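Take this structure, written in structure tokens, and hold onto it; I'll ask about it next.
Bear in mind these aren't lab numbers, they're just calculated from the coordinates by the rules spelled out. Nothing here was measured: the structure is a model prediction, and the numbers come from that model. No Cβ is skipped: glycine too gets one built from the backbone with ideal geometry, and neighbour counts run over all protein chains shown.
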Amino acid sequence: MKSQGMRRTFGLLAFAALLTMTRGVGARQAGQTPPPIAPGAKPPASPGAKPPAEPVSRFPDIAGMWNGTPRARPMNSENFPWTKSNYPVLNERGLAYQKAFDEAVAPKYDCVPSSSPAIQYDPYFMQVVQWPDRVVFRYEKDDAMRTVWLDGRKPTVQDYSLQGFSVGRYEGNALIVDTDHFLFDITGFDDYNGIPSSTLKKVTEKYWKENGELRLTLTLEDPLFLRQPASYTTRWLAAAPGYQLEPWECDPESSRAPIKMMIPKYK
Amino acid sequence: MNAKRVTVVVGAVLLGALAAPVIAHHSSAPFYDPTKTVEITGEVTKLHIKNPHSFLYVTVDEKGQKAEWQVEMGTGAQLARNNLTVDTLKPGTMIKVSGQPSRAEGSKGMCCIKTLMKADGSAILRGTVPKEPPLR
């Protein structure tokens, strides 16, 4: 009997709680808090209310997956992106290094990733992610990643690296990236012309969106090897929806395999 | 082994007209001679789909001697985008392939595939380099 009474009491309390919750839902529907909106549905407009303003982005939106394959631009080669009209003017040191260059010593044959200004023109996809304090570029080629800092931090002498140290800022509709603190790289200019780059290399990139494309003008200077800055402009197309970067996972054996097909320059 | 022959054709090549998988990791010129074309017929030994280069290994009968040829192809990522997998070229498949021959003396290599077909003549892979004007 005692047990039955307790069950009845508990049942009454549960009913009261349910009633309270139901009234709460009714109160919210009366306008205190908007109900959840189904994906893709527009929120209901209040009578006489102005349509909600579009959210204003604090910075130009260049985020997304971008297609840099030959669909977007000519394949990189000895002639692209460095053509007759924008080919760098080498100083005597640069010419001497280029003349002595031996393809077999190129670090890429041991899976060392390419760096600026070559990596931007490699014919693969690239993903851009923007945060308030940084922009991250992820490259399909070489599984490479670059972080562009927007928070005002400065590089130290510990920050020399293959990809250098990048800082950025937004100007109008563009992201401007300045990169220095590169390590010396025997093929630091590109994959094809046997031109090195030094610790004085500086690369400036300007990214902006135009007609749904991502565009880039890249300028580099390196007073140890170039007489004057050199520059190219290129573009990426929007990747197909759902595209995900393919893992690169460079294989050292296949990377060096072509070397035996070459007539050695030095013995 | 039904491999038949190795033919080297020296002459002008219509560059870019039939350049099968693109490489874009290194210039092919130091390794392969773009002024020549070599064609081999043989049996697929293995297909290594890797980055930065995939390699197709083909056993060829050269005057009674078996020789292994190494055919450089595009990156794993590029082949994946073109749906070329190890199942496309299984070991034992008889193929005929042509491209630029390697330069080093005694080497048996090829790149920049121009034609690649099964022994029955059916196509396996054939592509072109897009010719869009440079943006500058």
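Would you tell me the mean number of C-beta atoms belonging to other protein chains that fall within 10 Å of each C-beta in A:156-166, as a whole number?
0
Quick one: of A:K260/B:K63; B:K63/B:K96; A:K260/B:K46; A:K84/A:K265; B:K36/B:K96, which pairs are farther than 22 Å apart, Cα to Cα?
The answer is A:K260/B:K63; A:K84/A:K265.
Averaged over A:216-224, how many beta carbons belonging to a partner chain fall within 10 Å of each residue's beta carbon?
0
Next up: Packing-wise, with mean Cβ within 10 Å as the measure, how do A:81-89, A:228-236, A:186-194 rank, highest first?
Peptide ranking by packing, descending: A:186-194, A:228-236, A:81-89.
Here's a follow-up. One quarter of the convex hull surface, Cα atoms only: what value does that give for the stretch A:64-250 in nm²?
11.0 nm²
How many Cβ atoms of partner chains, on average, are near each residue of B:46-57 if near means within 10 Å of its Cβ?
Mean number of neighbouring Cβ atoms from other chains: 5.
Would you mind counting up the charge near B:V44? Only other residues with Cβ under 13 Å from its Cβ, with Lys and Arg at +1 and Asp and Glu at -1.
That sum, taken over residues with Cβ under 13 Å, equals +1.
With the Cα gyration tensor of the stretch B:27-70 giving a ≥ b ≥ c as the square roots of its eigenvalues, does the rule (a/c under 1.5 for rounded; else a/b larger than b/c for prolate; else oblate) give rounded, prolate or oblate?
Oblate, since a/c reaches 1.5 and b/c is not below a/b.
Another question about this same structure. Please give the net charge around A:K201, taking every other residue with its beta carbon less than 10 angstrom from that of A:K201, where Lys and Arg add +1 and Asp and Glu add -1.
-3
Could you compute the net charge surrounding A:L214? Neighbours are other residues with a C-beta less than 12 Å from the C-beta of A:L214; K and R count +1, D and E count -1.
Combined, the nearby Lys, Arg, Asp and Glu give +1.
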